[in-house]
Amino acid sequence: LKDMTKEDYKGNTVYTAKSEDGSLNVFTRYKDTVLLSDSVENLKMILDRVVSGESLVAAKPGYAKAMKDLKPNLAMVYADLSAITGQMAADSPEEVQSMTKSLGMFGVPADSLNVLDTEILFATAEKDGIRMNASVYAKEGADMSKLATNGQKFYLAKDIPGKTPLLYSEGQGFKEAYENILKAMENDQEMKQGMDEMRSGLKQVGLDFDQDVLGIMDKGIAMVLADNGSVLPSIGFYIDASSKPDSAKKIAGVLNTMLTSGITQVQTENPEAAALIDKQDVEADKLWKVKVNMDPLLMSAPENIVKKLTGQKVELYLGLVGNNVLALALHPDLEKVYAKGGDVVGNAAEFKRALDFVKGNDLTVTYLAPAAVFDYLDRIMQLAKDGGAAIDMSDYNQVRSLVRPVKSIIMGSGGFANGVARSEIFVHIGQ
């Protein structure tokens, strides 16, 4: 700070100073609290209210309602969403329209801003880590039907293979979200033209966007990245298409045709690739597998690398598994392990432990395991060094020392129910 000045205001010393970028900083000390603002006028107004005991926030019903959820915490933030959006609508209605449109692109109903009242966020320290809670409250008597959730917990993790999940995310309601996106963009001619072209393209391959593509997105959708001990991590995308299995089968067939065409082109342009890629029917007209033989590529590698990598399976699956779940996954022997228990995401010890931290807010979950990520990266780094790569580990080790102690980070949502949406994040450190 520079160019500091000060003045007395009702017995309080008000300081004004500039930052390096030229922005103004105004602050004062009142009893045991430091008050900060962006202008002298605003700070004097705040002092007047503090000294007189007047509080516009505390007098609001929404504030009292939010405070009931507040626990002893490290920090908290309260936002009067109704006042904020109301002021925005009065000052800049075009900005509110732009925001509504932007939210629509993320699947949020267009009238959401009109029904939200207040929000509170707070963080607490616990024995095993840091918890962050968020609650968004609706206005009294507001129609919440468009925001309400079906209350079904996430469920695909119990079947999806993944010995040590590094990242896992599962949610529902994507069909409704896409419909909201389309509604928000209905007056955007460029967007409309793009959607019309996409619908036309899908129709040419026998698919209907609304009936087939959106039709299979009414249930759970999951993505997983997992370490299964190989050089390549497993990665997979899974859509529960059990409500429209015929549409899922049509989509799988179209994707299979595209995959086959791509492989044929690669093999034609590069005959050597023909010996490396083998596409197989696992289940006729339903599930296909592409096997990639990496062994010939290791012929010039150091002997210790050859020993570690020879025979590792690289298999890409496309089609329907389990109870009509549409899958696109890089995972060895997927058809043998899906929904068979054992090394599935839902059985991973740290994943199960993380879920315990967000009980009640687990309709949708997103999970990240920093410790497991660095265990995987450590193995890859060592493999590269064994292969003769000259790697400066100083930056890596510095980041590792900061992040590796975090066992997991999980974000869970309880959806919108009884006029409030609740979500929380737990950072599991453990010590």
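Read-outs throughout are calculated quantities, based only on the coordinates presented, and are distinct from any laboratory measurement. Here the structure is a predicted model, which is why all the values come from computation and not from measurement. Note that each Cβ is placed from the backbone with ideal geometry, even for glycine, and that neighbours are counted across all protein chains shown.
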As straight-line cross-link partners of residue 192, the qualifying lysines (C-alpha separation under 16 Å, not fewer than 8 residues apart within one chain) are 101, 183
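With respect to the cross-link table entries 44/65; 71/127; 336/359, which display a Cα-Cα separation exceeding 27 Å?
Numbers: 44/65 29 Å; 71/127 16 Å; 336/359 31 Å.
The pairs that break the limit, which is 27 Å between Cα atoms, are 44/65; 336/359.
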Along the range 369-374, what does the Karplus equation 6.51 cos²θ - 1.76 cosθ + 1.60 (θ = phi - 60°) give for ³J(HN,Hα), rounded to whole Hz, x for Gly and Pro?
10, x, 4, 5, 4, 6
What are the ³J(HN,Hα) values, in whole Hz, obtained from phi via the Karplus relation 6.51 cos²θ - 1.76 cosθ + 1.60 with θ = phi - 60°, for each residue of the range 77-85 in sequence order, with x given for Gly and Pro?
9, 10, 10, 8, 4, 5, 5, 5, 5
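Counting other Cβ atoms within 10 Å, which trypsin sites (Lys or Arg not before Pro) in the range 21-61 have at most 13 and lie in a DSSP loop?
Values: sites: 29, 31, 44, 49; in loops: 31.
Answer by residue number: 31.
Given 0.36 nm per residue, what is the gain on full extension from residue 17 to residue 41 after removing their alpha carbon distance, in nm? The partial results should precede the final answer.
Numbers: separation 24, 0.36 × 24 = 8.64 nm, distance 1.44 nm.
Going from the current span to full extension adds 7.2 nm.
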How large are Rg and Dmax for the range 313-406 when calculated on the C-alpha trace, in angstrom?
17.6, 50
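When a footprinting reagent is the concern and you count Cβ atoms within 10 Å, what order do 169, 52 take, fewest first? Could you put the intermediate results ahead of the total?
Details: 169 16, 52 8.
Ascending Cβ contact count within 10 Å gives the list 52, 169.
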Which residue, 76, 223, 195, has the most motion in a Gaussian network model of the chain that connects Cα atoms within less than 10 Å?
195
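Rank these for me by crowding, 331, 428, going from fewest to most other beta carbons within 10 Å. Display every interim value, and only then the final one.
Values: 331 25, 428 22.
Least to most surrounded, the residues fall as 428, 331.
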Just grab the label-to-label distance for residue 87 and residue 31, each label 7 Å out from Cα along the Cβ direction, in nm (one decimal).
2.4 nm
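Work out the FRET efficiency for residue 377 and residue 3 from their Cβ-Cβ distance, taking R0 = 41 Å, and round it to the nearest 0.05. List each step's numbers first, then the result.
Values: r = 47 Å, r/R0 = 1.16.
According to the calculation, E is roughly 0.30.
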Residues whose built amide H sits under 5 Å from the amide H of residue 287, excluding neighbours closer than 5 in sequence, are 282, 320
Show me, for the range 278-289, the HN-Hα J-couplings you get by feeding each phi into the Karplus relation (A = 6.51, B = -1.76, C = 1.60, θ = phi - 60°), rounded to Hz, glycine and proline as x.
9, 9, 10, 8, 7, 9, 3, 6, 9, 9, 10, 9
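Per DSSP H run of n ≥ 4, the term is -39500 (n - 2.57); total these for the chain, divide by its residue number, and report the mean residue ellipticity at 222 nm rounded to 500 deg cm²/dmol.
Numbers: 13 runs with 146 residues, N = 431.
Helices in the chain give a 222 nm mean residue ellipticity of -10500 deg cm²/dmol.
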So for the range 220-303, using the alpha carbon gyration tensor with a ≥ b ≥ c as root eigenvalues (a/c under 1.5 gives rounded; past that, a/b versus b/c decides prolate or oblate), I'd call it oblate
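Fewest first, what order do 367, 396, 317 take by the number of other Cβ atoms within 10 Å? It would help to have the intermediate numbers written out before the result.
Numbers: 367 24, 396 14, 317 21.
Ordered from fewest to most neighbouring Cβ atoms within 10 Å, 367, 396, 317 come out as 396, 317, 367.
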Under 5 Å from the placed amide H of residue 416, counting only residues 5+ away or on other chains, we find 149
With semi-axes √(5λ) of the Cα gyration tensor in Å as the read-out, I listed (1) 43, 25, 20; (2) 35, 28, 18; (3) 49, 31, 22; which label goes with the value calculated from this structure?
(3)
